[in-house]
Amino acid sequence: MRHFIVVGVLIIVMAFATYFGLTSLGLMPVAASAQAGSISQAGSIDWMWNLQMIAMSFLFALIAVPIGYSLIMFRRKKGDTTDAEHIEGNTALEITWTVVPLFIVVAFAYFGAYSLSETLRADPNAMVIKVMARQWSWSFEYPQAGVISNELYLPVGKQVLLKMESPLDGVLHSFFVPEFRMKQDVVPGRVTEYRVTPTLEGSYKVRCAELCGTSHYNMESPVNVVSQKNFDAWLNARQVEAQAAKTPEGAGQLLVAANGCTGCHSLDGKAGVGPTWQDLFNSQVKLADGSTVTADEAYLTESIAAPNAKVVEGFQPAMPQYPFTPEEIANLVAYIQTLK
Ligand code: CUA
(Lines give C-alpha, C1' and ligand atoms only; values in the text may rest on other atoms or scores of the structure.)
Protein backbone atom coordinates (compact mmCIF):
# COMPACT_ATOMS: atom_id res chain seq x y z
CA MET A 1 0.00 0.00 0.00
CA ARG A 2 2.87 2.33 0.87
CA HIS A 3 4.21 1.83 -2.68
CA PHE A 4 0.88 2.87 -4.23
CA ILE A 5 0.72 6.08 -2.18
CA VAL A 6 4.32 7.01 -3.05
CA VAL A 7 3.82 6.23 -6.75
CA GLY A 8 0.50 8.13 -6.77
CA VAL A 9 2.12 11.24 -5.31
CA LEU A 10 5.10 10.95 -7.68
CA ILE A 11 2.72 10.66 -10.68
CA ILE A 12 0.93 13.86 -9.69
CA VAL A 13 4.22 15.71 -9.16
CA MET A 14 5.65 14.40 -12.45
CA ALA A 15 2.45 15.29 -14.38
CA PHE A 16 2.56 18.89 -13.13
CA ALA A 17 6.30 19.16 -13.76
CA THR A 18 5.87 17.85 -17.33
CA TYR A 19 2.93 20.16 -18.04
CA PHE A 20 4.63 23.29 -16.77
CA GLY A 21 7.89 22.28 -18.43
CA LEU A 22 6.20 21.82 -21.83
CA THR A 23 4.09 24.98 -21.62
CA SER A 24 7.09 27.10 -20.61
CA LEU A 25 8.95 26.11 -23.79
CA GLY A 26 6.88 28.50 -25.94
CA LEU A 27 6.05 25.80 -28.50
CA MET A 28 3.35 27.96 -30.12
CA PRO A 29 3.78 31.30 -31.89
CA VAL A 30 1.52 34.17 -30.82
CA ALA A 31 -2.20 33.50 -31.30
CA ALA A 32 -3.57 35.98 -33.86
CA SER A 33 -7.08 34.75 -34.66
CA ALA A 34 -10.39 34.19 -32.90
CA GLN A 35 -10.15 30.55 -33.98
CA ALA A 36 -6.77 30.19 -32.25
CA GLY A 37 -8.29 31.78 -29.14
CA SER A 38 -6.60 31.09 -25.82
CA ILE A 39 -6.45 28.26 -23.28
CA SER A 40 -9.30 29.87 -21.33
CA GLN A 41 -11.60 30.26 -24.37
CA ALA A 42 -13.65 27.06 -24.51
CA GLY A 43 -13.84 25.54 -27.98
CA SER A 44 -10.81 27.41 -29.39
CA ILE A 45 -7.81 25.66 -30.87
CA ASP A 46 -5.43 26.72 -28.09
CA TRP A 47 -7.94 25.50 -25.51
CA MET A 48 -8.06 22.11 -27.27
CA TRP A 49 -4.27 22.06 -27.52
CA ASN A 50 -4.02 22.77 -23.80
CA LEU A 51 -6.34 19.85 -22.98
CA GLN A 52 -4.08 17.61 -25.05
CA MET A 53 -1.02 18.89 -23.19
CA ILE A 54 -2.70 18.05 -19.86
CA ALA A 55 -3.61 14.55 -21.09
CA MET A 56 -0.12 13.99 -22.52
CA SER A 57 1.60 15.14 -19.33
CA PHE A 58 -0.57 12.89 -17.16
CA LEU A 59 -0.15 9.84 -19.42
CA PHE A 60 3.60 10.36 -19.57
CA ALA A 61 3.77 10.49 -15.76
CA LEU A 62 1.41 7.51 -15.45
CA ILE A 63 3.79 5.36 -17.51
CA ALA A 64 7.22 6.76 -16.70
CA VAL A 65 6.87 6.99 -12.90
CA PRO A 66 5.82 3.32 -12.23
CA ILE A 67 8.56 2.08 -14.59
CA GLY A 68 11.24 4.22 -12.95
CA TYR A 69 9.96 3.40 -9.43
CA SER A 70 9.91 -0.35 -10.14
CA LEU A 71 13.38 -0.33 -11.65
CA ILE A 72 14.77 1.20 -8.47
CA MET A 73 12.62 -0.31 -5.70
CA PHE A 74 12.11 -3.84 -7.06
CA ARG A 75 15.47 -4.48 -8.65
CA ARG A 76 17.04 -7.96 -8.16
CA LYS A 77 18.90 -8.13 -4.86
CA LYS A 78 22.44 -9.44 -4.78
CA GLY A 79 22.47 -13.26 -4.72
CA ASP A 80 18.70 -13.57 -5.41
CA THR A 81 18.20 -16.11 -8.23
CA THR A 82 14.51 -16.95 -7.65
CA ASP A 83 11.81 -16.31 -10.30
CA ALA A 84 9.31 -13.50 -9.93
CA GLU A 85 5.80 -14.23 -8.64
CA HIS A 86 3.49 -15.61 -11.36
CA ILE A 87 0.30 -13.57 -11.82
CA GLU A 88 -2.50 -15.09 -13.90
CA GLY A 89 -4.55 -11.92 -14.44
CA ASN A 90 -6.62 -9.29 -12.69
CA THR A 91 -10.14 -8.80 -14.01
CA ALA A 92 -10.87 -5.65 -12.01
CA LEU A 93 -7.67 -4.01 -13.23
CA GLU A 94 -8.32 -4.98 -16.84
CA ILE A 95 -11.86 -3.57 -16.75
CA THR A 96 -10.52 -0.37 -15.24
CA TRP A 97 -7.79 0.17 -17.83
CA THR A 98 -10.31 -0.47 -20.61
CA VAL A 99 -13.23 1.61 -19.34
CA VAL A 100 -11.31 4.66 -18.08
CA PRO A 101 -9.41 5.27 -21.36
CA LEU A 102 -12.64 4.64 -23.28
CA PHE A 103 -14.30 7.51 -21.42
CA ILE A 104 -11.28 9.74 -21.95
CA VAL A 105 -11.19 9.03 -25.69
CA VAL A 106 -14.94 9.62 -26.06
CA ALA A 107 -14.61 12.87 -24.08
CA PHE A 108 -11.78 14.03 -26.36
CA ALA A 109 -13.82 13.12 -29.43
CA TYR A 110 -16.58 15.34 -28.05
CA PHE A 111 -14.19 18.22 -27.22
CA GLY A 112 -12.61 17.87 -30.66
CA ALA A 113 -15.96 17.99 -32.48
CA TYR A 114 -16.99 21.00 -30.37
CA SER A 115 -13.71 22.78 -31.10
CA LEU A 116 -14.01 22.02 -34.83
CA SER A 117 -17.55 23.41 -35.01
CA GLU A 118 -16.39 26.59 -33.20
CA THR A 119 -13.46 26.91 -35.60
CA LEU A 120 -15.68 26.58 -38.67
CA ARG A 121 -18.44 28.87 -37.34
CA ALA A 122 -19.45 31.03 -40.30
CA ASP A 123 -20.14 34.74 -40.27
CA PRO A 124 -22.60 35.39 -43.15
CA ASN A 125 -20.98 38.81 -43.70
CA ALA A 126 -17.46 37.41 -44.08
CA MET A 127 -15.40 39.15 -46.76
CA VAL A 128 -14.48 36.77 -49.58
CA ILE A 129 -10.89 36.67 -50.86
CA LYS A 130 -9.84 34.31 -53.64
CA VAL A 131 -6.54 32.54 -53.17
CA MET A 132 -4.58 31.01 -56.03
CA ALA A 133 -1.77 28.63 -55.13
CA ARG A 134 0.78 28.05 -57.88
CA GLN A 135 4.15 26.41 -58.08
CA TRP A 136 5.51 28.30 -56.16
CA SER A 137 3.68 31.41 -55.15
CA TRP A 138 0.46 32.68 -53.64
CA SER A 139 -1.79 35.34 -55.11
CA PHE A 140 -4.80 36.94 -53.48
CA GLU A 141 -7.76 38.42 -55.31
CA TYR A 142 -10.19 40.88 -53.74
CA PRO A 143 -13.11 40.38 -56.15
CA GLN A 144 -15.26 43.36 -55.00
CA ALA A 145 -12.32 45.72 -55.55
CA GLY A 146 -10.91 44.05 -58.67
CA VAL A 147 -7.52 43.85 -57.00
CA ILE A 148 -4.93 41.07 -57.19
CA SER A 149 -2.01 41.12 -54.78
CA ASN A 150 0.98 39.00 -53.85
CA GLU A 151 0.49 39.95 -50.21
CA LEU A 152 -2.51 39.07 -48.11
CA TYR A 153 -3.93 42.05 -46.25
CA LEU A 154 -6.67 41.44 -43.69
CA PRO A 155 -8.62 43.88 -41.54
CA VAL A 156 -8.45 43.05 -37.84
CA GLY A 157 -11.63 41.79 -36.12
CA LYS A 158 -13.51 40.78 -39.29
CA GLN A 159 -14.04 37.25 -40.52
CA VAL A 160 -12.70 36.58 -44.00
CA LEU A 161 -13.52 33.58 -46.13
CA LEU A 162 -10.65 32.43 -48.31
CA LYS A 163 -11.76 30.51 -51.40
CA MET A 164 -8.66 28.65 -52.43
CA GLU A 165 -7.75 27.07 -55.74
CA SER A 166 -4.79 25.50 -57.49
CA PRO A 167 -4.66 25.55 -61.33
CA LEU A 168 -6.18 22.51 -63.05
CA ASP A 169 -2.75 21.42 -64.24
CA GLY A 170 -1.26 22.28 -60.85
CA VAL A 171 -0.46 20.29 -57.73
CA LEU A 172 -1.54 20.11 -54.09
CA HIS A 173 -0.56 22.93 -51.76
CA SER A 174 -1.55 23.72 -48.21
CA PHE A 175 -2.36 27.13 -46.76
CA PHE A 176 -0.83 27.45 -43.29
CA VAL A 177 -0.44 30.51 -41.09
CA PRO A 178 0.90 29.22 -37.75
CA GLU A 179 -0.36 32.31 -35.88
CA PHE A 180 -3.92 31.53 -37.08
CA ARG A 181 -3.37 27.85 -36.10
CA MET A 182 -5.44 26.51 -39.03
CA LYS A 183 -4.20 24.72 -42.13
CA GLN A 184 -6.16 23.83 -45.26
CA ASP A 185 -5.20 21.91 -48.39
CA VAL A 186 -5.50 23.55 -51.80
CA VAL A 187 -6.53 21.05 -54.46
CA PRO A 188 -6.52 21.41 -58.28
CA GLY A 189 -10.07 21.50 -59.66
CA ARG A 190 -11.66 22.16 -56.28
CA VAL A 191 -12.40 25.20 -54.16
CA THR A 192 -11.49 24.72 -50.51
CA GLU A 193 -12.50 27.20 -47.85
CA TYR A 194 -10.63 28.74 -44.95
CA ARG A 195 -12.37 31.02 -42.47
CA VAL A 196 -10.35 33.20 -40.18
CA THR A 197 -11.07 36.14 -37.93
CA PRO A 198 -7.75 37.90 -37.27
CA THR A 199 -7.59 39.41 -33.79
CA LEU A 200 -4.06 40.75 -33.55
CA GLU A 201 -2.49 43.34 -35.85
CA GLY A 202 0.91 42.28 -37.10
CA SER A 203 2.90 40.77 -39.94
CA TYR A 204 2.82 37.03 -40.34
CA LYS A 205 3.56 34.59 -43.15
CA VAL A 206 1.55 32.05 -45.03
CA ARG A 207 3.65 28.98 -45.71
CA CYS A 208 2.86 26.12 -48.02
CA ALA A 209 2.60 23.00 -45.86
CA GLU A 210 2.32 20.41 -48.62
CA LEU A 211 5.45 19.21 -50.43
CA CYS A 212 4.82 20.64 -53.91
CA GLY A 213 8.14 20.55 -55.73
CA THR A 214 11.53 22.23 -55.98
CA SER A 215 10.67 25.55 -54.37
CA HIS A 216 8.11 24.28 -51.85
CA TYR A 217 10.33 25.55 -49.03
CA ASN A 218 10.22 29.03 -50.54
CA MET A 219 6.47 29.22 -51.15
CA GLU A 220 5.55 31.88 -48.64
CA SER A 221 3.86 35.27 -48.72
CA PRO A 222 3.40 38.09 -46.20
CA VAL A 223 0.13 38.14 -44.29
CA ASN A 224 -0.56 41.58 -42.84
CA VAL A 225 -3.31 42.08 -40.29
CA VAL A 226 -4.03 45.81 -40.13
CA SER A 227 -6.72 48.17 -38.83
CA GLN A 228 -9.85 48.61 -40.94
CA LYS A 229 -8.66 52.13 -41.83
CA ASN A 230 -5.26 50.94 -43.07
CA PHE A 231 -6.89 48.06 -44.89
CA ASP A 232 -9.23 50.40 -46.77
CA ALA A 233 -6.31 52.67 -47.63
CA TRP A 234 -4.24 49.75 -48.89
CA LEU A 235 -7.10 48.34 -50.98
CA ASN A 236 -7.78 51.79 -52.41
CA ALA A 237 -4.16 52.27 -53.44
CA ARG A 238 -4.13 48.85 -55.14
CA GLN A 239 -7.38 49.76 -56.89
CA VAL A 240 -5.88 52.99 -58.24
CA GLU A 241 -2.84 51.00 -59.37
CA ALA A 242 -5.00 48.39 -61.10
CA GLN A 243 -6.92 51.16 -62.83
CA ALA A 244 -3.68 52.83 -63.96
CA ALA A 245 -2.36 49.60 -65.42
CA LYS A 246 -5.24 49.66 -67.91
CA THR A 247 -3.75 52.65 -69.79
CA PRO A 248 -0.50 52.25 -71.79
CA GLU A 249 1.37 54.90 -69.78
CA GLY A 250 0.12 53.40 -66.50
CA ALA A 251 1.25 49.93 -67.56
CA GLY A 252 4.58 51.45 -68.60
CA GLN A 253 5.02 53.09 -65.21
CA LEU A 254 4.44 49.74 -63.48
CA LEU A 255 7.01 48.11 -65.79
CA VAL A 256 9.51 50.82 -64.89
CA ALA A 257 8.94 50.17 -61.19
CA ALA A 258 9.14 46.40 -61.66
CA ASN A 259 12.40 46.55 -63.61
CA GLY A 260 14.13 49.26 -61.60
CA CYS A 261 14.73 51.48 -64.67
CA THR A 262 15.01 54.59 -62.50
CA GLY A 263 18.19 53.20 -60.96
CA CYS A 264 19.93 54.50 -64.11
CA HIS A 265 17.42 56.92 -65.68
CA SER A 266 16.34 59.78 -63.42
CA LEU A 267 12.94 61.43 -63.78
CA ASP A 268 14.12 64.84 -62.52
CA GLY A 269 16.75 65.90 -65.06
CA LYS A 270 19.78 64.56 -63.18
CA ALA A 271 22.22 62.53 -65.27
CA GLY A 272 22.65 58.96 -64.02
CA VAL A 273 24.26 55.91 -65.55
CA GLY A 274 21.89 56.63 -68.43
CA PRO A 275 20.21 59.82 -69.72
CA THR A 276 17.38 61.34 -67.70
CA TRP A 277 13.85 60.81 -68.98
CA GLN A 278 12.60 64.25 -67.97
CA ASP A 279 11.65 66.26 -71.08
CA LEU A 280 13.27 63.56 -73.20
CA PHE A 281 10.40 63.04 -75.63
CA ASN A 282 10.77 65.08 -78.82
CA SER A 283 13.99 66.68 -77.58
CA GLN A 284 17.16 66.84 -79.67
CA VAL A 285 19.66 64.21 -78.54
CA LYS A 286 23.36 64.44 -79.32
CA LEU A 287 24.91 61.07 -80.06
CA ALA A 288 28.44 59.82 -79.42
CA ASP A 289 29.17 59.82 -83.15
CA GLY A 290 28.50 63.56 -83.33
CA SER A 291 25.10 63.39 -85.03
CA THR A 292 21.82 64.60 -83.57
CA VAL A 293 18.46 62.79 -83.53
CA THR A 294 14.98 63.69 -82.38
CA ALA A 295 13.83 61.55 -79.44
CA ASP A 296 10.59 60.51 -81.09
CA GLU A 297 8.69 57.24 -80.67
CA ALA A 298 10.88 55.43 -83.18
CA TYR A 299 14.08 56.52 -81.41
CA LEU A 300 12.78 55.53 -77.93
CA THR A 301 11.51 52.20 -79.23
CA GLU A 302 14.86 51.41 -80.81
CA SER A 303 16.79 52.51 -77.73
CA ILE A 304 14.85 50.08 -75.53
CA ALA A 305 14.83 47.17 -78.00
CA ALA A 306 18.48 47.59 -79.07
CA PRO A 307 20.13 49.77 -76.40
CA ASN A 308 23.48 50.18 -78.15
CA ALA A 309 22.20 51.07 -81.62
CA LYS A 310 22.48 54.78 -80.78
CA VAL A 311 24.64 55.79 -77.83
CA VAL A 312 24.05 59.23 -76.35
CA GLU A 313 27.05 61.52 -76.08
CA GLY A 314 28.66 61.37 -72.63
CA PHE A 315 27.28 57.94 -71.71
CA GLN A 316 28.71 54.42 -71.86
CA PRO A 317 26.84 51.74 -73.84
CA ALA A 318 25.97 50.11 -70.50
CA MET A 319 22.29 49.29 -70.83
CA PRO A 320 21.44 45.58 -70.97
CA GLN A 321 18.94 44.30 -73.48
CA TYR A 322 15.73 43.61 -71.55
CA PRO A 323 13.36 40.90 -72.88
CA PHE A 324 10.40 43.27 -73.27
CA THR A 325 7.63 42.41 -75.69
CA PRO A 326 6.77 44.97 -78.42
CA GLU A 327 3.62 45.85 -76.44
CA GLU A 328 5.63 46.43 -73.27
CA ILE A 329 8.05 48.65 -75.17
CA ALA A 330 5.11 50.65 -76.54
CA ASN A 331 3.84 51.07 -72.96
CA LEU A 332 7.27 52.21 -71.79
CA VAL A 333 7.47 54.74 -74.62
CA ALA A 334 3.95 55.97 -73.76
CA TYR A 335 5.06 56.49 -70.15
CA ILE A 336 8.28 58.30 -71.12
CA GLN A 337 6.18 60.69 -73.22
CA THR A 338 4.37 61.82 -70.08
CA LEU A 339 7.58 62.82 -68.24
CA LYS A 340 7.86 66.59 -68.43
CU1 CUA B 1 3.10 24.70 -52.46
CU2 CUA B 1 4.51 23.37 -51.05
Amide proton proximity set for Leu161, modelled H, under 5 Å, gap of 5+
Met127, Val128, Ile129
Taking a probe of 1.4 angstrom, what is the accessible area of Arg207 in Å², to the nearest 10?
100 Å²
So what's the angle, to the nearest 10 degrees on a 0 to 90 scale, between helix 91-119 and the longest Cα principal axis of the chain?
20 degrees
For the chain, longest principal axis from Cα atoms; helix 2-23 axis from its Cα atoms; angle between them, nearest 10 degrees, is 10 degrees
Mean-square fluctuation check for the chain, GNM, Cα pairs under 10 Å: which of Lys78, Lys246, Lys310 is largest?
Lys78
Whenever you get a sec, line up Ile12, Ile336 from highest to lowest accessible area (probe 1.4 Å, protein heavy atoms).
Ile12, Ile336
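Which percentage, to the nearest 5, of the DSSP beta bridges contained in region 98-163 is antiparallel? Each step should come with its number before you reach the end.
Details: 8 of 12 bridges.
Percent antiparallel among DSSP bridges in region 98-163 is about 65.
Do you know the Lys pair count in the chain for C-alpha distances under 13 Å, with sequence separation 8 or more or different chains? The partial results should precede the final answer.
Numbers: Lys130/Lys163; Lys158/Lys229; Lys183/Lys205; Lys286/Lys310.
The number of close lysine pairs in the chain is 4.
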For Glu201, solvent-accessible area (1.4 Å; no DNA, RNA or ligand), Å²:
100 Å²
Karplus (6.51, -1.76, 1.60) ³J(HN,Hα), θ = phi - 60°, over region 173-184, in Hz, Gly and Pro reported as x
10, 9, 8, 9, 10, x, 5, 8, 6, 9, 9, 9
Over the chain, with a Gaussian network built from C-alpha contacts below 10 Å, which listed residue (Met132, Met56, Met73) shows the highest mean-square fluctuation?
Met73
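Evaluate E = 1/(1 + (r/R0)^6) for Ala309 and Asp169, where r is the Cβ-Cβ distance and R0 equals 41 Å; express this FRET efficiency to the nearest 0.05. Could the numbers behind the result be given before it?
Details: r = 41 Å, r/R0 = 0.99.
Computed FRET efficiency for Ala309 and Asp169: 0.50.
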Order the following by accessible area, largest value first: Leu255, Leu116. Probe radius 1.4 Å; ligands, DNA and RNA are ignored.
Leu116, Leu255
When only the heavy atoms of the protein chains count and the probe is 1.4 Å, how do Met48, Met319 rank by accessible area, highest first?
Met319, Met48
Amide H partners (placed H, <5 Å) of Glu210, local residues excluded
Ser174
How much net charge surrounds Pro317 when only other residues with a Cβ under 14 Å from its Cβ are counted (Lys, Arg +1; Asp, Glu -1)?
-2
Would you mind checking the tilt of helix 326-337 against the longest principal axis of the Cα atoms of the chain, expressed as 0 to 90 degrees and rounded to 10?
70 degrees
Counting only protein heavy atoms and using a 1.4 Å probe, what share of the accessible area of the chain belongs to carbon plus sulfur, as a whole percent?
61 percent
Keeping every protein chain present and rolling a 1.4 Å probe, give me the accessible area per residue for the chain in Å².
61 Å²
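The values are calculated or read from the model by the stated rules, or taken from the named source; none is laboratory data. Keep in mind that what you see is a predicted model, and the values were worked out from it rather than measured. Positions of Cβ are generated from backbone atoms using ideal geometry, with glycine treated the same way; all protein chains shown enter the neighbour counts. The accessibility values were calculated without ligands, DNA or RNA, using every heavy atom of the protein model including side chains. Shrake-Rupley method; radii C 1.70, N 1.55, O 1.52, S 1.80 Å.
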